[in-house]
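In what follows, a single structure is set out as structure tokens and then discussed.
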Amino acid sequence: MSDVLSQIEIDNLLTAISSGELDVEEFKQSSEKQVKNYDFARPSKFSKEHLRTLNIIFEHYGRLLSTNLPAYLRKNVQVEVINSEAVTYSEFSNALSNPVLLGIIDFAPLEGNIIIELANNLGYAIIDRMLGGGGYPLEKNRDFSEIELLIIERIYNVFINLMIEPWANVIELHPRLLRIETNSQFAQVISPSEMISIVTLNIKIGNIEGMMNICLPYVCLEKVIDKLSTKYWYSTMQVSDNKSYKDLIEIAISKAKIPLKAVLGKSIISVNDFMNIQQGDIIKLNSKVDDEIAVYVGNLYKFTALPGSASGSYAVKISTIIKGEE
């Protein structure tokens, strides 16, 4: 309920209007509601927050590409997220030229497919590099051969497998490559009027630079759209940092295997004596029977011990702990 004016306030207001201090037209204009045009042909299903979260996801994805692709291409790879925007699928498909590299990916367990478009110059450079060349694109575009598509398919599988980790905070993905299309007319995975989000990555392989566009239809992300918020994203990241990562590190360290060796003594003999060693020969060591032996953890001298046996096996009994590396 609005505040009720007192009689004094009403009198002051009437006096201000009659004297011209207040303009009635200004009150009328300020009370009018601002109307925003809404295009029903392009409904805004992706909010700015959704796009920002997708940026965060694919920045992580870009770092993984920069780390893993050099193992296959044997060249320095730099990946940067350029932009993320919401458009209709027809706008995306109409901008494609032929031939084109379009990877159709089943984004299970989510419904529907996503598309990864790779620039032709990057495709030719990857093929050249995988076949032992310098990694240079062709001067003139041409259709990709079957053998070249098989090579590209291997790299696309790398692209897909690296998507699992960045999306782990949203959903546990099991993506797989359905096919690679080189003609944009055969990549109509959804209705032309459907809204999609396009995330554009700039990829630099050596001196060759090109774009990768990742097309994410709204119908595919609809089940997890509520999780594509920065608040949810950072809250799950914090929980993961405090629990999952700590547990994983502890498990990894506990399973680490380090060689342990006990050295009874050392001796120097000639190669001829070594080649003629027979069973029953005696080799004189530089240590005595009652001397403590050196125990190494990896290559570090960490303990002294006394030799013996336990349960029918050779054993040592630790007698001294060596502080620091010696």
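Bear in mind that the values in this text are calculations on the coordinates, not laboratory data. The structure displayed is predicted, hence computed values, not measured ones. Using ideal geometry, Cβ is built from the backbone for each residue, glycine included, and neighbour counts are taken over all protein chains shown.
Couplings for region 251-266, taken from phi via the Karplus curve 6.51 cos²θ - 1.76 cosθ + 1.60 with θ = phi - 60°, read 5, 5, 5, 5, 8, 5, 9, 10, x, 10, 9, 10, 9, 5, x, 10 Hz in order; Gly and Pro are left as x. Per-residue Karplus couplings for region 276-284, computed as 6.51 cos²θ - 1.76 cosθ + 1.60 with θ equal to phi - 60°, are listed in order as 9, 5, 10, 4, x, 5, 10, 10, 7 Hz, Gly and Pro entered as x. For R179, nonlocal amide neighbours, meaning residues 5 or more places apart or on other chains whose placed amide H falls under 5 Å from its own, are I104. The dipole here belongs to region 130-239: it is taken about the Cα centre, uses +1 on the Cβ of Lys and Arg and -1 on the Cβ of Asp and Glu, and is about 200 debye. Placing +1 on the Cβ of every Lys and Arg and -1 on the Cβ of every Asp and Glu, with no other charges, gives region 260-321 a dipole of roughly 200 debye about its Cα centre.
For region 48-249, the dipole from Cβ point charges (+1 on Lys and Arg, -1 on Asp and Glu) about the Cα centre works out to 520 debye, to the nearest 20. So which of K288/K323; K45/K227; K266/K323; K75/K204; K284/K323; K257/K302 end up more than 20 Å apart, counting from Cα to Cα? Violating the 20 Å limit, Cα to Cα: K288/K323; K266/K323; K284/K323. Comparing V100, C220, I208 along the charge dipole axis of region 48-249, the residue lying farthest to the positive side is I208, per the Cβ-charge model.
Protection proxy ranking, highest mean first, for peptides 128-140, 306-318: 128-140, 306-318, where packing is the per-residue count of other beta-carbon atoms within 10 Å, averaged. Which of rounded, prolate, oblate describes region 260-321, given a ≥ b ≥ c as roots of the alpha-carbon gyration tensor eigenvalues and a/c under 1.5 marking rounded, otherwise prolate only if a/b is larger than b/c? Prolate, since a/c reaches 1.5 and a/b exceeds b/c. Exposure proxy ranking for L110, L64, based on other Cβ atoms within 10 angstrom of each Cβ and starting from the fewest, stands as L64, L110.
Is the shape of region 48-249 best called rounded, prolate or oblate, per the rule: a/c under 1.5 gives rounded, else a/b larger than b/c gives prolate, else oblate, with a ≥ b ≥ c the square roots of the Cα gyration tensor eigenvalues?
Details: a/c = 1.99, a/b = 1.31, b/c = 1.52.
Verdict is oblate for region 48-249.
Each of V199, G133, I151 was scored by the projection of its Cα onto the charge dipole of region 48-249, and the greatest displacement toward the positive side belongs to G133; charges sit on the C-beta of Lys, Arg, Asp and Glu.
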